[in-house]
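First comes the structure, then the notes that go with it.
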Amino acid sequence: MDLILDNLTDPQRAAVTHMDGPMLMLAGPGSGKTRVVTHRIAHLLREGVPASQILALTFTNKAAEEMLARVQQLAPGEPVWMSTFHRFCARMLRQYSSLVGLQENYSIYDMADAKATMKRAIEVSGISLSHTSLDQIANAISHFKNQLLTPESMEGVNLPAGKMLAAKVYPYYQQLLLVANAVDFDCMLLHVARMLRENPELREALDSRFRYIMVDEYQDTNLAQYAIVRSLSVVHQNLAVTGDPDQSIYGWRGANLNNILDFENDYPQVKTVRLEQNYRSTPNILRVADQLITNNTRRKHKGLYTHNPEGAAVRLRIYANGYQEADDIADQIVEQIQNHGRSPKDFAILCRMNYLTRSLEHSLRSRVVPYTIVRGVEFYQRKEIKDLLSYLQLINNPANDAALSRIVNTPARGIGKTTMDRVMLFAARHRIPLFEAICRCDEIESIKPRTRGLLKRFVGIIDSLSRKASSSLEDLLRFVLEQTQYSDYLRFSTVEGEDNDALANVDELVSAAVEFDRQHPDDGSLETFLEQVALISDTDAWEESSDRVTLMTLHAAKGLEFPCVYIIGVEDQVLPHHRSHDDPMQFEEERRLLFVGITRAEQTLQLSMAKLRSARGSMRPAAASPFLLELPREEMQVIDAHQPTQYGDDNDFDVDVEYPEAWDMHADHDDDLNQLPPEERTPETTSTPRTAPIASVTTAAQMLEQQMANTIDPDIYTVGMIVSHPEYGSGRIQSLSGSGGKRTATVNFFVDSIERRFRLSHAQLTIESED
DNA sequence: TCTATCACATTTTTT
DNA sequence: ATGTGATAGA
């Protein structure tokens, strides 16, 4: 039995055993890509390639950790260098910092730090934000860096008007970063790429040090990453990249789809392997995904197939409004958990935009279904955490202006905006860090003597903290808390019993420090801790283990899989997003986004849209996403849950909203019902026109209950009746209670004389005799 | 210098 | 609906 080579398909084995020369692995969703990559590394090691010569680059920490663990399992021994691009660059910069004008204790700015710095740069450059925004400028600068454009190389380059201002800010921003001995995320890549380009002997050394390079999710690489990878594989072209053009959803962040589309041109001797067999989804789901993505032009053809058994038809539900959508999905989940042995963790609800999870949250909470939201901002973005980390950063790198600005007056020390403006002016004039400017505050004439005293006291605090810099992280952090009286500050700024969260978060950070000390008994430096923290993301915190329904954006769902998936808000202007409508490239990316969502599903999938969607506080009509037209309707189950709503029985919107004719939204759905599984195909539903107004109905939830109740007429049951249950056998109905969807029967079973209660709308009770 | 109030915008966000 | 950022007043 060969752990590494057995149980692989032919294409998989071909990829695993490929050793020298470039390789492109086109891996469809659920095709066992991670398995192939890890097995290939194990194979390389077994064939005698030293672990130190292998470098595997991923985009997420999670992917890197997972691969590392799996390789360790297959081939225990010296670990292979597996990390994210950014972590790799962080290490390189640490080692070769002087080549790009940094010191080795440089800081890594997160988005917030970077934006704050840009804001300063904008002020310094004297540009008005009236025709643009900070976000736009930040985006543009990020793009410059991803395109390997330095401020110098951009001089004289013609730019669209939208980017002109950003280009003006760019050099000022870079200057501030340099003075602060700091980099932002994009800089890390840019610096390393430049370093490799400008230092041929270093490039060569690293090229032969990392003889075997693997890149995961290659479709998401930007130009900077591309340049780094190419530089490291000029002499030793043992570059294996894996990816799927159809799953490229980060174009807006600078990812260049051409990197993977042109890989075969870049490396003519490339060996291309296609992994087309899917192990994840039912054929039904896969066909829907495949048919959708066929509409894209910028792709490499893959013929996806699976040997998995046929499953339930993919559902498309059209709801009257977003609340009904949320309630119905929550009801479905409850039903599946109660009666079909599902757990909350089997479900994922995906959406284009974060705010769409709100109504779902509400519906789940009211039904006491546990859920988590995977959001962009979490623990390390919390104010108290950022504050404390800023103290640590300042100790590690006193030039870190972003950290200083954050905590110079937190807790309050009487150093306000006016003072800091003067300090900043002085710092900018002398091109020195803020901390140095504060140390030299005697030279700043505009600052009053009293304030100088306050500034000096601040310097004293930082100095005393710095003297502790080499103690354990836990001690250091506790010392910071003590010296700055930060805990008191939190307690005082607390409104009324509300904010004990903040103190708990502080405790959690201390725990993280303790844990770090434990894991790094010898090499634990402040620098390492800060680097680790800076490059952590919040999606990493998502615990797979907890038994909860997962709510997240389609972007966050990449790489994950769930038995049951709901994709909500499949509406025009939402998916595709209205800002991606015009540009065909972006439009295709939106289609890929839906493709990614669909292919997360293992067993069941429901796409849904609402005819009315509340956005920005008000109800607006929504039209079907154009992508819905591209799906194979004939094999899907289309359910138009059109019902009158609390928003008016004579719903004006109904007439106004335009639906593609092919969808036949309001027609009778006998066809569709015939595709339902038998238990859902009761005479009641077919004979009751679904558009009939139900006068007494007030909320969407009640409507749904009614609807459900109608599927099985509860009134056919009477007390004393003998019924049969699939699990417990025969029994007698003792009593009946409730009404509508809550109509409940208490049954005493003959087999054990135990009474059990069932909701008639859900339970599978069959009548054996009337008496 | 701090605090309260108001206007404003609001896609997605691996690092 | 909700949060953030700027501004004005204490």
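Observations on the model:
- Sorting the segments A:224-237, A:442-455 by their residues' average number of neighbouring beta-carbon atoms within 10 angstrom, most packed first, yields A:224-237, A:442-455.
- Packing around the peptides A:121-133, A:330-342, taken as the average count of other Cβ atoms within 10 Å per residue, puts them in this order, highest first: A:330-342, A:121-133.
- Label point distance in nm, A:ARG91-A:GLU445, each placed 7 Å from Cα along Cα→Cβ: 5.3 nm
- In percent, rounded to a whole number, the relative contact order of the range A:135-277 is 23, using alpha-carbon pairs under 8 Å and six or more apart.
- Difference of contour (0.36 nm per residue) and Cα-Cα distance, A:SER724 to A:ALA615: 34.5 nm
- Residue-level accessible surface for A:GLU104, protein heavy atoms, 1.4 Å, Å²: 110 Å²
- Partner lysines whose Cα lies under 18 Å from the Cα of A:LYS300, excluding those fewer than 8 positions away in the same chain, are identified as A:LYS33, A:LYS271.
- Peptides ranked, highest mean first, by Cβ atoms within 10 Å: ranges A:155-163, A:616-624: A:616-624, A:155-163
- Share of carbon and sulfur in the accessible heavy-atom surface of the range A:52-136 [1.4 Å probe, %]: 52 percent
- Over 22 Å (Cα to Cα) - which of A:LYS115/A:LYS468; A:LYS119/A:LYS386; A:LYS168/A:LYS383; A:LYS119/A:LYS383; A:LYS417/A:LYS456 fall in this group: A:LYS115/A:LYS468; A:LYS168/A:LYS383
- In this structure, the amide hydrogen of A:GLN637, modeled 1.01 Å from its nitrogen in the peptide plane, lies closer than 5 angstrom to those of A:VAL314, A:ARG315, A:LEU316, counting only residues at least 5 positions away or on a different chain.
- Two-site FRET efficiency, A:ARG429 against A:ASN354, from Cβ-Cβ distance with R₀ of 41 Å, rounded to 0.05: 0.45
- With θ taken as phi - 60° and the Karplus curve 6.51 cos²θ - 1.76 cosθ + 1.60 applied, the whole-hertz 3J(HN,Hα) list for the range A:102-116 is 10, 9, 5, 8, 4, 9, 9, 7, 8, 4, 5, 4, 4, 5, 4 Hz, x standing for glycine and proline.
- The residues packed around A:LYS33, meaning those with a beta-carbon under 9 Å from its beta-carbon, carry a net charge of -1 if Lys and Arg are +1 and Asp and Glu are -1.
The values are calculated or read from the model by the stated rules, or taken from the named source; none is laboratory data. Small disclaimer: the values here were computed from a predicted structure and weren't measured. With ideal geometry, Cβ positions are generated from the backbone for all residues, glycine too; neighbour counts draw on all protein chains shown. For accessibility, only protein heavy atoms count, side chains too; no ligands or nucleic acids. Shrake-Rupley method; radii C 1.70, N 1.55, O 1.52, S 1.80 Å.
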